[in-house]
Amino acid sequence: MNTINKIADGVIWTIASRFLSAAYAFIAVPILIRLYGKADYGLIGLALSINVYMTLLDLGFSNTNLRYFSNYLAKNDLESVKKLFGTSISFYGLIGFANALIIFVLSFFVGDIFEVTAEQAVILKSLLYVIALNAIFNWYTNCFGQLIQGAEYVDFFSKISFIGNLLNVVVLALTLLFKFSIVEYYAALVFLGLIYRTVLSIRKIKVIIPDISFRPHFDKHLFKETLPYSMNIFSVSLLTWGAMQLQPLLLGIRCNSSEVTDYTVIASIYGFLGFVGGAFNSSIFPSVTKAVTLNNREVIDRVAYQGTKYLVIVICFVTFGYISVSPDVMNLYLGDSFMYLVPWMDVYFINLLGSHNAGMSAIIYAGTDIKLITRYSAFSYITMVIIFWFLIPFYGARSVAISGTICSIMQMTFYYFYYWPKKLQINARYIFWKDLLPFAFVGLVIACGLRLIPVADSHLVQLIVKGLMFVLIFSAAVFAMIDEKDRTFFAWFVKAKVLRRGGTDVNAG
């Protein structure tokens with residue numbers, strides 16, 4: 001399977017998996033609340049919130065391993081792959097035991113830390129035991145997926161995630177059928193998926209490197225080689241994660257809980273539709289790393305120009321497709337009482353256009369010299385939090401739209417005027433004028449036009465009709481704007497990847 005095939009399959013399966021996961025949560029949450037009650041079901045979220053900070057123990061090694069696995073495999077350096085795999089198992093194994101130990105100790109104090117009844121404290125303690133046990137095995141097997149993705153089997157791992165989400169539906173059905181307790185439900189949800197992923201991952205890794213060992217061993221020289229890159233990744237990840245976690249906390253400090261609710265609404269809808277850039281980045285990163293390692297300028301340029309154009313089209317479709325029906329979505333989702341958030345969410349959603357740099361980001365992070373980009377990213381996120389803090393008394397949760405837009409403008413200005421042309425030798429003007437602006441302008445005009453047209457009194461009818469109108473008009477406009485080469489690619493993509501009818505390969509790379 002060539003590069004284009006792998007990227008296409010990876011993007012499709014990643015998006016499908018994330019969409020199914022979001023759809024499952026949307027359906028399962030009200031069912032489980034009715035089954036266990038709002039208070040007891042909330043114990044799962046409480047238990048997970050205790051463990052969420054443990055993800056920081058990764059220290060950026062997930063992205064680091066993916067980069068180095070891809071690099072070593074591109075050079076056919078299987079010995080380094082084996083050494084890194086064993087070292088990663090050792091590193092993650094230690095993190096797993098540390099994670100489990102911390103959760104186990106905390107479980108003895110849940111009745112003192114949280115406002116829960118004696119019965120709820122027992123349930124919460126049991127949930128934490130499940131999380132602690134899962135942490136040991138989950139961390140230990142963490143690098144399995146990194147190796148598989150590094151070998152450019154992104155579609156395989158995305159398929160595992162997709163089927164794992166289907167297994168969640170099975171667990172939900174069994175829970176309703178056999179009346180599982182909340183602890184039994186959560187344990188089945190966690191361990192069924194873990195067993196499934198682990199067994200299939202081991203089989204796939206054995207295909208990639210038949211004589212690889214799954215026993216931990218530590219190579220200190222290799223660890224030192226990867227550590228600087230990991231620390232740079234970790235610093236950006238920590239600031240990004242911290243900025244997102246701080247926003248509701250700062251709202252709670254400077255405003256009230258109703259503003260936190262508004263922020264939750266904005267973040268939930270944005271998160272549901274805002275995963276396209278991340279899906280594209282994770283799907284192409286192994287292939288881009290291989291191209292950078294082998295100095296394959298043809299593939300790098302194809303990702304930078306052609307890949308960015310296609311990503312822009314998809315992002316504009318999602319962004320302006322939502323904006324064209326955003327009042328109807330909000331009304332159906334939460335009712336008229338939250339309609340005042342619509343214009344602010346429209347502004348915030350336009351920031352999704354910033355994720356068109358996913359292909360370029362993959363090129364940047366496939367190299368080793370990432371200090372400048374990580375430092376500027378840190379600066380922009382710190383600036384965003386400061387602006388958010390000072391705007392809260394005036395705009396409340398709506399400050400996220402303003403501060404997020406400023407942060408996005410700062411980053412895009414840095415990329416377009418300095419980093420892409422100077423560091424990557426990419427024609428940033430061409431990308432802006434040819435790849436980004438035309439499709440963004442057309443999408444915005446269509447969305448604004450549809451917003452001004454009343455279709456029906458029913459918001460549901462308007463959502464369906466305007467949604468279909470946007471799909472048809474935007475698709476026709478894109479078809480008229482792209483050249484014959486792009487039309488051939490999209491025809492192949494729809495036929496071979498969406499409809500799964502085979503087809504001639506396009507642009508093998």
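The values are calculated or read from the model by the stated rules, or taken from the named source; none is laboratory data. The structure displayed is predicted, hence computed values, not measured ones. Cβ: placed from backbone, ideal geometry, glycine included. Neighbour counts: every protein chain shown. Note: areas computed on protein heavy atoms with side chains; ligands, DNA, RNA excluded. Shrake-Rupley method; radii C 1.70, N 1.55, O 1.52, S 1.80 Å.
Once you've got the Cα coordinates, tell me which of Lys204/Lys485; Lys83/Lys204; Lys220/Lys371; Lys422/Lys485 are over 26 Å apart.
Too far apart for the 26 Å limit: Lys204/Lys485; Lys422/Lys485.
Cα gyration tensor of the range 299-426, axes a ≥ b ≥ c as square roots of the eigenvalues: rounded (a/c below 1.5), prolate (a/b > b/c) or oblate? Walk me through the numbers on the way to the answer.
Numbers: a/c = 3.50, a/b = 1.51, b/c = 2.32.
The shape class here is oblate.
Among Asn296, Phe390, Leu176, which residue has its Cα furthest toward the positive end of the charge dipole of the chain, with +1 on Lys/Arg Cβ and -1 on Asp/Glu Cβ?
Farthest towards the positive end: Asn296.
Using a 1.4 Å probe and counting only protein heavy atoms, arrange Leu147, Leu177 so the residue with the most accessible area comes first.
Leu177, Leu147
In square nanometres, what is one fourth of the surface area of the convex hull spanned by the alpha carbons of the range 59-124?
So the mean shadow area of the Cα hull is 5.9 nm².
State the percentage of accessible surface on the chain attributable to carbon and sulfur atoms; use a 1.4 Å probe and exclude ligands, DNA and RNA.
In the chain, the share of accessible area belonging to carbon and sulfur is 68 percent.
To the nearest 20 debye, what is the magnitude of the charge dipole of the chain about its Cα centre, counting +1 on the Cβ of each Lys and Arg and -1 on the Cβ of each Asp and Glu?
1080 debye
Setting aside same-chain residues fewer than 8 positions from Lys290, which aspartates and glutamates have a Cα under 19 Å from its Cα?
Lys290 reaches Asp9, Asp77, Glu79, Glu152, Asp155, Glu225, Glu298, Asp301, Asp369.
Can you give the net charge of the other residues whose Cβ lies under 15 Å from the Cβ of Val110, counting K and R as +1 and D and E as -1?
-3
Can you give me the accessible area per residue for the chain, using a 1.4 Å probe, in Å²?
Accessible surface, normalised per residue, equals 47 Å².
Among Val122, Ile95, Asn51, whose Cα projects farthest towards the positive end of the dipole of the range 29-131, with charges put on the beta-carbon of Lys, Arg (+1) and Asp, Glu (-1)?
Ile95
Quick test of the membrane-span-like rule: which DSSP H helices of the chain reach at least 18 Å along their long axis (C-alpha atoms) with mean Kyte hydropathy at least 1.6?
154-178, 437-452, 459-481
Return an integer: the convex hull volume of the alpha-carbon atoms of the range 140-200, in Å³ per residue.
68 Å³
Whenever you get a sec, line up Met54, Met231 from highest to lowest accessible area (probe 1.4 Å, protein heavy atoms).
These residues rank, largest area first, as Met231, Met54.
Counting only C-alpha contacts under 8 Å and six or more residues apart, can you give the relative contact order of the chain as a whole percent? Kindly include the intermediate steps, with their values, before the conclusion.
On the way: 550 pairs, mean separation 101.8, N = 509.
Computed over the chain, the figure is 20 percent.
How many Å³ per residue does the convex hull of the Cα positions in the chain occupy? Please list the in-between numbers first.
On the way: hull volume 82.9 nm³, N = 509.
Normalising the Cα hull of the chain by residue number yields 163 Å³.
Keeping every protein chain in place, order Tyr430, Tyr365, Tyr68 by accessible area at 1.4 Å, biggest value first, i.e. largest first.
Output order, biggest surface exposure first: Tyr430, Tyr365, Tyr68.
Cα-based Rg of the range 148-246 per 2.2 N^0.38 Å, rounded to two decimals?
1.48
Per-residue ellipticity at 222 nm for the chain, helices alone: DSSP H runs ≥ 4 residues times -39500 (n - 2.57), over residue total, nearest 500 deg cm²/dmol?
-26000 deg cm²/dmol
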